[in-house]
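A.B. asks: Let me begin by handing over the structure; questions about it come next.
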Amino acid sequence: VLSFIIFICYIASSAASFMMAPLLEFLLALFLFFAYASKLNEKFKGLYWPLTDFLRCVTAAIIYFAISIAAVSKYTDGASKAAGVFGFIATIVFAIDFYITFNDLVTFLKQGTSSPPEERKSD
């Protein structure tokens, strides 16, 4: 939702060159939402879905932070300032999502190496 709001703010502002990042992030988040909702993650085992979500969160947090700084400092219209503020909020939300996903990723990796090799061979 934040990505869509930021996209609308950038369309209405003089910083319209930044509108592609929130649009792509919105579409990618929408794809992952529908992939999880339709259980595509259970059908396609070759792709590790939490890692995909982890990389999306990391890149989104970095990109939103960078374009928010540019939008707030360089442009003077209200829509650019609003997009920058929403971008900072989105950075915090993606950082929290990054932390949660990272903990899931670490838990998964620890499960894979917790059993001795003899037990894994018998499985």
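The values are calculated or read from the model by the stated rules, or taken from the named source; none is laboratory data. Keep in mind the model is a prediction, meaning the values are calculated, not measured. Methodologically, a virtual Cβ is constructed for each residue, glycine included, from the backbone with ideal geometry; neighbour enumeration extends over all protein chains shown. Quick note on the areas: whole protein, heavy atoms, side chains included, nothing else; ligands and nucleic acids left out. Shrake-Rupley method; radii C 1.70, N 1.55, O 1.52, S 1.80 Å.
A.B. asks: Out of S68, T52, F18, whose Cα points farthest toward the positive end of the dipole of the chain (charges: +1 Lys, Arg; -1 Asp, Glu; placed on Cβ)?
C.D. replies: F18
A.B. asks: Which percent of the accessible area of the chain is formed by carbon and sulfur heavy atoms (probe 1.4 angstrom)?
C.D. replies: 74
A.B. asks: I need the phi-derived Karplus couplings for segment 45-50: 6.51 cos²θ - 1.76 cosθ + 1.60, θ = phi - 60°, integer Hz, Gly and Pro marked x.
C.D. replies: 7, x, 9, 7, 5, x
A.B. asks: If you don't mind, another one. Taking a probe of 1.4 angstrom, what is the accessible area of I100 in Å², to the nearest 10?
C.D. replies: 90
A.B. asks: Can you give the direction-averaged projected area of the convex hull of the alpha-carbon atoms in segment 1-66, in nm²? Please list the in-between numbers first.
C.D. replies: Values: hull surface 18.7 nm².
Mean projected area for segment 1-66: 4.7 nm², to one decimal.
A.B. asks: Then there is this: So, with +1 on the Cβ of K and R and -1 on the Cβ of D and E, and no other charges, what is the size of the charge dipole of segment 1-92 about its Cα centre, to the nearest 20 debye?
C.D. replies: 140
A.B. asks: Same structure, new question: I need the peptides 46-52, 29-35 ranked by packing, meaning the mean over residues of other C-beta atoms within 10 angstrom, with the highest value on top.
C.D. replies: Listed from highest to lowest mean packing, they are 29-35, 46-52.
A.B. asks: While we're here: Based on the Cα coordinates of segment 48-114, what is the per residue volume of their convex hull in Å³? List each step's numbers first, then the result.
C.D. replies: Numbers: hull volume 4.0 nm³, N = 67.
Per-residue hull volume (Cα only) is 59 Å³.
A.B. asks: Follow-up question, since we're still on this one. For the chain, what does the accessible surface come to per residue with a 1.4 Å probe? Please give it in Å².
C.D. replies: Solvent-accessible surface per residue comes out at 64 Å².
A.B. asks: If you don't mind, there's one more thing I want to ask. Remind me, relative contact order of the chain in percent, using alpha carbon pairs under 8 angstrom and six or more residues apart?
C.D. replies: 31
A.B. asks: Hey, another quick one. Grab every C-alpha pair in segment 30-80, bin the distances at 10 angstrom width from 0 up to the longest one, and report whole percents.
C.D. replies: All Cα pairs, binned at 10 Å, distribute as 22, 33, 22, 17, 6 percent.
A.B. asks: Cross-link partners among lysines for K110, C-alpha distance below 21 Å, same-chain residues fewer than 8 apart left out?
C.D. replies: K45, K121
A.B. asks: So what's the net charge close to Y10: Lys and Arg +1, Asp and Glu -1, counting the other residues with Cβ under 15 Å from its Cβ?
C.D. replies: 0
A.B. asks: What is the Rg over Rh value, at two decimals, for the chain, using alpha-carbon atoms and the Kirkwood definition of Rh?
C.D. replies: Rg/Rh for the chain comes to 1.15.
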